[in-house]
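The values are calculated or read from the model by the stated rules, or taken from the named source; none is laboratory data. Being a predicted model, the structure only gives us computed values, none of them experimental. Here the Cβ positions follow ideal geometry from the backbone for every residue, glycine too, while neighbour counts run over all protein chains shown. Surface areas here come from the heavy atoms of the whole protein model, side chains and all, with no ligands, DNA or RNA. Shrake-Rupley method; radii C 1.70, N 1.55, O 1.52, S 1.80 Å.
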Amino acid sequence: IKLGALTLIGGLAYKAVQNYQAGKPLLGVGADQQSLVAAPSGSGYEARAVTNDAALLYIRAMIAAAAADGRIDQSEMDKIIGGPKQMGLDREAEEFLANELNHPASTRDLASAVRGEAEAVQVFTAARIAIDLDTVEEHDFLVRLANDLGLNHELAAHIDATARQAA
């Protein structure tokens, strides 16, 4: 994943966690735009703290979320592989993506690969930003993912609101 994509995922996740912990109301569609800043060093949400395995997990979560309704549309595909495609994919990366596109991970598979709370929040954030959340299947996928990741319902709502505002 491009460093910018990791910064976006981490920044959105960090902002949602901060808003949740501070007891702030959900960001609404009409809310004042809050600027997205990179997560601070040492927070566990900064791009440089993301391992290669975690980055692959984020891609898997994005693909699984996009495939939840039975199809991945062009907008979703651009969100998922736009960055890696621009960087130039090697054969191994192409095979990984093809396998994930043909066999998307389940919410349980994703949750079982998570190492810690910050990573769980970022997996959910990656899945949420990959989709427009316009089908019942996508909504149900996110509910299952949040449950399997052990995320509090209110935290998941903050992640959703932050992702919607950033879209």
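Of the candidates 125, 162, the single residue that is touching a residue at least 12 places away in the same chain (Cβ under 8 Å), more than 18 Å from residue 63 (Cα to Cα) and of a type in the set (Val, Ile, Thr) is 162.
Being over 13 Å from the mean Cα position of the chain (by Cα), crowded, with 23+ Cβ neighbours inside 10 Å and modelled with pLDDT of 90 or more, is that true of even one residue in segment 68-79? Outline the logic, then answer.
Narrowing segment 68-79 to residues over 13 Å from the mean Cα position of the chain (by Cα): 68-75, 77-78.
Pick out the ones that are also crowded, with 23+ Cβ neighbours inside 10 Å and you get 68.
Imposing the further condition that a residue be modelled with pLDDT of 90 or more reduces the set to 68.
Checked against the condition, which is being over 13 Å from the mean Cα position of the chain (by Cα), crowded, with 23+ Cβ neighbours inside 10 Å and modelled with pLDDT of 90 or more, segment 68-79 yields at least one hit.
Of the residues making up segment 113-140, just one is open to solvent by 10 Å² or more (accessible area, probe 1.4 Å) and either in contact with a Pro (Cβ under 8 Å, 6 or more places away or on another chain) or among the polar types (S, T, N, Q) (or both), namely 135. Of the numbered criteria (1) part of a helix (DSSP H, G or I); (2) open to solvent by less than 70 Å² (accessible area, probe 1.4 Å); (3) closer than 20 Å to residue 79 by Cβ, the one residue 143 fails is (3).
Could you identify the single residue in 30, 10, 23, 4 that is assigned to a loop (DSSP other than H, G, I, E, B) and at pLDDT 70 or above?
Answer to the selection: 23.
Would you confirm, using the coordinates I've provided, whether residue 86 is surrounded by fewer than 11 Cβ atoms within 10 Å (Cβ to Cβ), of a type outside the set (Val, Ile, Thr) and either in a helix (DSSP H, G or I) or at pLDDT below 90 (or both)? Yes.
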